[in-house]
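Trainee: Let me begin by handing over the structure; questions about it come next.
The values are calculated or read from the model by the stated rules, or taken from the named source; none is laboratory data. Bear in mind the structure is a predicted one, so any value in this text is a computation, not a measurement. Cβ coordinates were reconstructed from backbone atoms using ideal geometry, including for glycine residues, and neighbour counts include every protein chain displayed.
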Amino acid sequence: MTERVLGPGVPPPPDVLLEVRDLRTYFHVMDGTVPAVDGVSFSIKRGETMGLVGESGCGKSVTSLTIMRLLDIPPAEIVTGEIWFDGRDLLRLPEAEMREVRGNDITMIFQEPMTSLNPVFTIGDQISEAVVQHRHVSQKAGWDRAVEMLRLVGIPGPERRARQYPHEMSGGMRQRVMIAMALACDPKLVVADEPTTALDVTIQAQILELIKALQQESGAALLLITHDLAVVAETVQQAAVMYAGKIIETGTVEDVILRPKHPYTEGLLRSIPSHVPRGQRLNVIKGTVPNPFRMPSGCRFEPRCPYAFEPCHEFEPPLAAPPADQSQQVACWLHVPEALRPGRAAVAPAPPVPTEAFVQVESVTRQ
Amino acid sequence: MATTPKLTSAGPAVGPTGGTAAADVEVALESLSQWQLAWRRFKRHKMALMGLGIFGVMVGIAILGPIVMPYNPLDIPGSPVPGGTGPSLQHLFGTDSTGRDVFTMVLNGARISVAIGFFSMTIAGLTGVVVGAVSGFAGGLVDNVLMRLVDVLFAIPFLFVILVAARFFGQGSVVALILIFGLLSWPLIARLVRASFLSLREADFVEAARAVGVSNVRITFRHILPNALGPVIVAMTLLMASNIVLEAFVSYLGFGISEDQTSWGNALSNAQTALIFGNWWWAFFPGMAIALTVLSINFIGDGLRDALDPRARL
C-alpha cells in the first residue's frame, strides 16, 4: 500500500495488480444523488490479500461492483476514476472485453450462497460454464475441471455432487461451490463480498480457512469485503476502512487493528463486545451514519467524532500518512501536522487535542 | 487455449479445517432434475393424469388420422335420409341428412382442432417468449416499445379481427386460422414472460452469471428463461384450450374452416338445423368432443400449475 502519485492515464508498475484511483460512483435516484463511493483510491499487489471493512451502506460493495463493472448505468454513474487492472484501465474497456475479464481474470464470491446458484442447472454445469467459456475447452474438459474443483474445495464425492442441483446442498456446501466457481479459471484477483455473512459461525471459520488456503495455493490476489473486523484480522494482510463512501484508514492489518489512528476505526474496535466486562453496557459509536443526501461538508465522521475540532467541520481531511508513522494512511486532521491544516487564520491558537487522543488510542490496544 | 491450471488436485491438499464438510453425510440419493421433480408432483394430480390420458387419445387420433377413421371424411357412405339415421353398429354416431358418417366427422374434427390448438399455441408461445424475454431483460426503450405494441394488440377487439381476417385471408384454410390465432394471442404470453424476467433479472444467480462473464443473450435464454418457464407452460396450455374453443366458435359462425371440411364447429353448425328433427347425435357427439378436449386440457393445466410451482417441494 505504498503511495505512488501517478498522473491520470499512467498505468501503475507491473507488480501492482489492481489500482483504483479516485473512484466516484454516484447513484441518481428520485430524491437526488447518492455519492455511494466518493473518491476511493487503493491498490493491491499481485498475490496480496486486502480487506475492505465498513458498516452497511458505506460503499464497500458498490466499490467491488464498480471494479467488476456490474452496476446498472443508469441509475449508477461512475463520475470519475481509473481502475487499473493488469495494465489496463477497466473503466475504458469495451463491454465484450470486460466480459473476458469477468470470471476469468477477476472472479467473485457472493454473499448469498442460497440464491447465487441457478436452481435449474447442476452444480457441475455451473462451474464448467465459466471454464468452457473462458478457456475454450470442450464440455467434457470443463466438466472434469468442475469435478476437480469440487474435490479441491473439500466436497466429498465430487463426481456425484457435480450432477446434483443446488437445492440438494446446504448453505456451507453451496458456498464451497461458489468458491470452486470463482477459482476454476485461475483468476488473478478474487473479490469476496461478505463470503461468510450468510453462514453460521462454525461454517464461517471453515470457509475462511478454505478461501485462505486456496488463495495461497493459487497465488491469486484477494479483495475481501466485510463488515466483520474479526474476519479481516484472520484472513488478510492489508486492510482499508471505509466510512460514508470514503476510505478513512489503510495499512497492514496489524497496524489498523492493533494501532488504529482514525477515531472511527478506534470506535469500531472498541464496540466489539468481548472488550467489555460482563454486565456493562456495550460501547457504541454515538449517532448514525450521515444522510447520503446531506453529507457533512467537512470530515464525514465529524458529527459523531469525540475528538472533532475546528477544521473538521469545514474541511475534508485527505488520506495521508501521518508524520509519526509512514506505514499507515489516515484521513483525519488529528494526524496532520498543525502547519498543514487549513483555516489556520480563523483558528488562532492550535488546539492541544491530538496528544490526548493518542493516549486514548493506546488504551484500547489488544493484548 | 487451455493453459495448465495452477490449482490442481495434484497440489498440496487443503488443510483439515478447510477440508471435507463434516456435516455432509454420504447418502446415495438419486439426483432428480427439476423436470423429474415436476413429473413426480404431476403424477399425484389424478384429474390431470386423466386429462392427459384423454388428450393423449385425441392427439393419437389426430396423428393417426385416416388409419382410425372408418370412412374417408370426404365420402358419403350412408344414403341421404332427411334428418339422417341414428347411431348404429355401422355408423356409431349416426349419419347426417346427406349420409355422412358423424363418427368420421368427429375424428376428423379432432385432427383439425388439435392441429389448430397445438400450432397456434406454438406460434403464440415462441413469439410471446421472445418478445417478453427481450422486453423484460433489456428494459428501457425496447421494453417500452414492445409493451405499447402489446397494449395495442390487447385493445383491438379480438373476435372482430379474427372474423375479418378469416374472411380476408382465405376462408376455410387450417393454416390461415393457425397463423391468425397464433399471431393474435401471443401478447398474453409476452406479458407473463416479461413479468417473470423483471423479477428474475435481479436474482442473485443472474448477477453471479454476469460476474462469470456470461453474455446477455445467454443469460436471457439459458439462465433466466428456464426459471420463468413454469407459468408460461401453464398459460400456453390454457391458451391451446381457448384456441380450440375459438376455432369451433368461428367455424360455427361460418367464418372458420370451410363447410366441406368437417371440423367440430362446422358439425355443430349443421346440427343447429338438424335438432329440429330431434336428431340429437349430430350435435351431441361433436359437442362432447369439444367439451372433453377442453376439459382435459384444463385439467392438465391445473396439474402443471402445481407441478411447476417452484415453491412446491416434493
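Here is a yes/no grid of residues against (1) surrounded by fewer than 20 Cβ atoms within 10 Å (Cβ to Cβ); (2) without any contact (Cβ under 8 Å) to a residue 24 or more places away in the chain; (3) among the small types (Gly, Ala, Ser):
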site: B:ILE116; (1), (2), (3): no, no, no
site: B:PRO157; (1), (2), (3): yes, yes, no
site: B:ILE189; (1), (2), (3): no, no, no
site: B:ARG210; (1), (2), (3): no, yes, no
site: B:VAL214; (1), (2), (3): no, yes, no
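Trainee: Another question about this same structure. For the subset of region A:264-297 comprising residues that are β-branched (Val, Ile, Thr) and out of contact with any Ser or Thr (no Cβ under 6 Å at 6 or more places or on another chain), which member is surrounded by the most Cβ atoms within 10 Å (Cβ to Cβ)?
Mentor: Narrowing region A:264-297 to residues β-branched (Val, Ile, Thr): A:265, A:272, A:276, A:284-285, A:288-289.
Then keep just the ones that are out of contact with any Ser or Thr (no Cβ under 6 Å at 6 or more places or on another chain); that gives A:265, A:272, A:276, A:285, A:288-289.
Working: A:THR265: 25, A:ILE272: 15, A:VAL276: 13, A:ILE285: 18, A:THR288: 8, A:VAL289: 18.
Result: A:THR265.
Trainee: Of a type in the set (D, E, K, R), touching a Phe, Trp or Tyr at 6+ places or on another chain (Cβ under 9 Å) and in contact (Cβ under 8 Å) with a residue 12 or more places away in the chain - does that describe any residue in region B:237-247? It would help to see each step written out before you state the result.
Mentor: From region B:237-247, those of a type in the set (D, E, K, R) are B:247; that's our starting set.
Retained after the next criterion (residues that are touching a Phe, Trp or Tyr at 6+ places or on another chain (Cβ under 9 Å)): B:247.
So of that shortlist, the ones also in contact (Cβ under 8 Å) with a residue 12 or more places away in the chain come out as B:247.
Checked region B:237-247: at least one residue is of a type in the set (D, E, K, R), touching a Phe, Trp or Tyr at 6+ places or on another chain (Cβ under 9 Å) and in contact (Cβ under 8 Å) with a residue 12 or more places away in the chain.
Trainee: When you scan region A:131-167, how many residues do you find that are more than 9 Å from chain B (Cβ to nearest Cβ) and in a loop (DSSP other than H, G, I, E, B)?
Mentor: Residues that pass the stated criteria total 1.
Trainee: Let me ask something else about it. For B:GLY65, all conditions in the list (1) on the phi > 0 side of the Ramachandran plot; (2) crowded, with 20+ Cβ neighbours inside 10 Å hold save one; what is the number of the exception?
Mentor: Every condition holds for B:GLY65 apart from (2).
Trainee: Can I ask one more? Out of all the residues in region A:73-124, which are modelled with pLDDT under 85, away from chain B (no Cβ under 14 Å) and closer than 19 Å to A:GLY47 by Cα?
Mentor: Hit for region A:73-124 is A:GLY87, nothing else.
Trainee: Oh, and also: If you go through region A:200-217 one residue at a time, do you hit one that is of a type in the set (Lys, Arg) and outside any helix (DSSP H, G or I)? It would help to see each step written out before you state the result.
Mentor: So the first thing to find is which residues in region A:200-217 are of a type in the set (Lys, Arg), and the list is A:212.
Checking the rest, the ones that are also outside any helix (DSSP H, G or I) come to none.
Within region A:200-217, not a single residue is of a type in the set (Lys, Arg) and outside any helix (DSSP H, G or I).
Trainee: Could you tell me which numbered condition A:VAL34 fails, if it satisfies all but one of (1) touching a residue at least 40 places away in the same chain (Cβ under 8 Å); (2) surrounded by fewer than 21 Cβ atoms within 10 Å (Cβ to Cβ); (3) more than 16 Å from the chain's Cα centre (by Cα)?
Mentor: (2)
Trainee: Could I ask something else about it? Select from region A:168-185 the residues that are facing another protein chain (nearest Cβ under 9 Å) and surrounded by fewer than 20 Cβ atoms within 10 Å (Cβ to Cβ) and write down the one among them that is farthest from the chain's Cα centre (by Cα).
Mentor: First pass over region A:168-185, keeping only residues facing another protein chain (nearest Cβ under 9 Å): A:168-170, A:172-173, A:176, A:178, A:181-185.
Of the ones still in play, those that are also surrounded by fewer than 20 Cβ atoms within 10 Å (Cβ to Cβ) are A:168, A:170.
On the way: A:GLU168: 31, A:SER170: 26 Å.
Result: A:GLU168.
Trainee: Pick from region B:14-67 the residues that are touching a Gly at 6+ places or on another chain (Cβ under 8 Å), in a loop (DSSP other than H, G, I, E, B) and of a type outside the set (Ser, Thr, Tyr): which of them is modelled with the highest pLDDT?
Mentor: Filtering first and then ranking leaves B:HIS45.
Trainee: Output the residue which, of all residues in region A:205-263 that are of a type in the set (Asp, Glu) and surrounded by fewer than 24 Cβ atoms within 10 Å (Cβ to Cβ), is farthest from A:GLU19 (Cα to Cα).
Mentor: Kept after step one, since they are of a type in the set (Asp, Glu), are these residues of region A:205-263: A:209, A:217, A:228, A:234, A:249, A:254-255.
Now restrict to residues that are surrounded by fewer than 24 Cβ atoms within 10 Å (Cβ to Cβ): A:209, A:217, A:228, A:234, A:254-255.
Details: A:GLU209: 26, A:GLU217: 23, A:ASP228: 24, A:GLU234: 24, A:GLU254: 22, A:ASP255: 21 Å.
It comes out as A:GLU209.
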